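Written below as structure tokens is the structure these notes are about.
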Amino acid sequence: MLNSLIIVFVLTMVIHTAETLSYSARYAGVKLNKIAVALSLTGIIVLVSRTSNLIQAPLTAKFVDYARIDSSFDVLHYFRFILLAASVGTLIAIALFPTFVNLFARVIAKLEVAGSIPKLISSVTIGQLKNTKHYFRKPALKISQFRYLGIPNRFIFLNIVVTAFYTVGVLSSLYAAHIVPELSTTASQASGIINGIATIILTIFIDPQLGLITDKATHQSETRDQLGKVFTLLMVTRFFGTMLAQLVIVPAAYLISMAVTLL
């Protein structure tokens, strides 16, 4: 089980690093006034995340199956370790944010010339790959940089909550399957109960607000300079959300177990 846990840890880390780094593609697009192109690149980032998830999900479910065989196996301890990987992945993304803003800006410029992703990939040379070291930037996080951004506290709080719910969605359903083994199949497929709550909050309260901030930044240079700080703040709140997930996983699992019992 230890080998499987290490693989799941790494894949979870990759998933959350990739998803969080999508902010860098957006910011690069805003800086170049090429937001539509940037959004197309976020699809590639999501593809990396989804591909990792294809391997991660069945390996994670395997822990629940093993817990049925060995009653001494602490599946919750394993799940908490996986949640830690989400926090580590988010921290890595925060550290790489300035670097990937520069890299995505270069990719966007190249994509306009190449015209398609396959042509872009085929045009990359060894020399260009070596030159990527010049795009590396050290992160400079200061608490003072988050002041006077005009971001409502409710928006920050909701982003933390949404991240926590999304982070535990699948894991809480799998833990619910462990809690109610007689309804394990139903419970393991019920992650939508938790993810659904997160989706509603995201769709109604967060996405429109973020869209307005991004749109304003494309038309106002002073707002554009602050957008990087806004995205950094969102990434930091994502990190706190993954930490909150450690507290949410058990209540969420019991909520799912109660729901599937009443069905």
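The values are calculated or read from the model by the stated rules, or taken from the named source; none is laboratory data. Nothing here was measured: the structure is a model prediction, and the numbers come from that model. For neighbour counting, all protein chains shown are included, and Cβ atoms are generated from backbone atoms with ideal geometry for every residue, glycine included. Surface accessibility is based on the protein's heavy atoms, side chains included, excluding ligands, DNA and RNA. Shrake-Rupley method; radii C 1.70, N 1.55, O 1.52, S 1.80 Å.
Structure values in brief
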{"quantity": "C-alpha long axis of helix 35-69 to longest principal axis of the chain, angle in °", "calculated": "20 degrees"}
{"quantity": "Candidate values [x] 159; [y] 145; [z] 175, label of the one derived for volume of the Cα convex hull per residue in Å³", "calculated": "[y]"}
{"quantity": "Nearest 10 degrees, 0 to 90: helix 75-114 Cα axis against the chain principal axis", "calculated": "20 degrees"}
{"quantity": "Sites excluded, trypsin sites (Lys or Arg not before Pro) in DSSP loops with at most 15 other C-beta within 10 Å, longest stretch of the chain", "calculated": "1-136"}
{"quantity": "Unit charges on C-beta of K, R, D, E only; dipole of the chain, Debye", "calculated": "1120 debye"}
{"quantity": "R0 of 45 Å, Cβ-Cβ distance Leu59-Gln220: FRET efficiency to nearest 0.05", "calculated": "0.45"}
{"quantity": "Angle between the chain longest axis and helix 221-262 axis [Cα atoms, degrees, rounded to 10]", "calculated": "10 degrees"}
{"quantity": "Accessible area of Phe81 in the full protein assembly, 1.4 Å probe (Å², nearest 10)", "calculated": "80 Å²"}
{"quantity": "Distance in nm between pseudo-label sites at Thr51 and Ile121 (7 Å out along the Cβ direction from Cα)", "calculated": "0.7 nm"}
{"quantity": "Of Lys133/Lys216; Lys34/Lys110; Lys110/Lys229; Lys110/Lys216; Lys119/Lys216, those spanning more than 23 Å from alpha-carbon to alpha-carbon", "calculated": "Lys133/Lys216; Lys110/Lys229; Lys110/Lys216; Lys119/Lys216"}
